[in-house]
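S.K.: Provided herewith is a single structure, encoded as structure tokens, for subsequent inquiry.
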Amino acid sequence: MVPGQDILDFISHKLLEEPPDPPLQPDEDLLLRAPIDSLGVIELVEFLESTYDVRIAAREVTITNFRSAEAMLRLIDEKRSSEA
């Protein structure tokens, strides 16, 4: 599986009314192709926390960290590195 595909699948099938066509890509700017509302952001943070066993602080929920699936994976990797 492509790194970040589980994040893209969650966004496409749980947060958007219809999966985008063509499918979202890991490096794609999600703010342009898949804008989600504030409740969706909360759901996405909960998904990331439960799936990757990390805690994401409110101050970390930024455009930089959530612009793409790759950016979210970088945040997760940084969190895991700092917890180790």
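S.K.: Can you show me the helix-derived [θ] at 222 nm for the chain, built from DSSP H runs with n ≥ 4 at -39,500 (n - 2.57) apiece and divided by the number of residues, rounded to the nearest 500.
M.R.: Taking each H run of at least 4 residues, the total per residue is -14500 deg cm²/dmol.
S.K.: So what's the angle, to the nearest 10 degrees on a 0 to 90 scale, between helix 38-52 and the longest Cα principal axis of the chain?
M.R.: Helix 38-52 sits roughly 60 degrees off the main axis of the chain.
S.K.: With the radius of gyration and the Kirkwood radius both derived from the Cα set of region 5-83, what is their ratio Rg to Rh?
M.R.: Details: Rg = 11.9 Å, Rh = 12.7 Å.
Looking at region 5-83, the ratio lands at 0.94.
Values quoted throughout were computed directly from the atomic coordinates according to the rules given, and no laboratory measurement underlies them. Since we're looking at a predicted model, the values are computed, not measured.
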